Amino acid sequence: MFLIPNAVYVEYVAHLNKRRLTGPLAQEYVRWLRIYLEFINENPAPDLKSERVRMFIDKQRDENRSHAQLKRAAHAISLYFELQKRLTIPRDGKGDNMEPSLSPPEHLTSAATSFDLIFN
C-alpha cells in the first residue's frame, strides 16, 4: 500500500481544515489522495495535462464508483493541486525524488481544469 509522505499528509490535512473539510469527509479525501498518488506512481501516463486525472477517474468509474464518489475524488485531487502550487512537493509523490518543484509537475494540472474536464 502506498503511503503519503508525512510532510505532504500534514499539509494536506491542514489545507482541508482551512476549507472546513473535517471528520469523515476529510478522511475520505485523504484516502482519495493516497489512491491517486499510488495510481500515478504505478501507471505511466501521457504528458498531456489532466490526462492522468481523467485516467484515474475512468479507472474508478470502471470499479463502479458512484457519481458522488467520483466528484469527491476529483475534488480531493484538485485540493492537492492547490496545495502543490504553494509548496515544494516531491515530483514523484513518494518522497524518493526530493527535487524542489516550484510549479506542479507536467502530469498535474490546475484544480479547476481537471475538475471541469471530468464533470462538466
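The values are calculated or read from the model by the stated rules, or taken from the named source; none is laboratory data. Computed from a prediction, not measured in an experiment: that's the story for all the values here. We place every Cβ from the backbone using ideal geometry, glycine too, and count neighbours over all the protein chains shown.
Overview of results
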{"item": "Close pairs (8 angstrom Cβ cut-off, 6 or more residues apart or separate chains): among the basic types (Lys, Arg) in the range 1-30, surrounded by 14 or more Cβ atoms within 10 Å (Cβ to Cβ) anywhere", "result": "Arg19/Leu79"}
{"item": "Criterion (among the charged types (D, E, K, R), exposed (fewer than 15 other Cβ atoms within 10 Å of the Cβ) and touching a Phe, Trp or Tyr at 6+ places or on another chain (Cβ under 9 Å)) met by exactly one of Lys59, Lys71", "result": "Lys59"}
{"item": "Enumeration of residues in the range 20-42 that are outside any helix (DSSP H, G or I) and of a type in the set (Val, Ile, Thr)", "result": "Thr22"}
{"item": "Conditions (1) more than 22 Å from Met1 (Cβ to Cβ); (2) at pLDDT 85 or above; (3) not in a loop (DSSP other than H, G, I, E, B): number failed by Leu117", "result": "(2)"}
{"item": "Residue that is modelled with the lowest pLDDT [pool: residues in the range 26-49 that are more than 15 Å from Tyr9 (Cα to Cα) and of a type outside the set (D, E, K, R)]", "result": "Leu48"}
{"item": "Selected residue (criterion: surrounded by the fewest Cβ atoms within 10 Å (Cβ to Cβ)) from residues of the range 1-19 that are part of a loop (DSSP other than H, G, I, E, B) and not aromatic (Phe, Trp, Tyr)", "result": "Met1"}
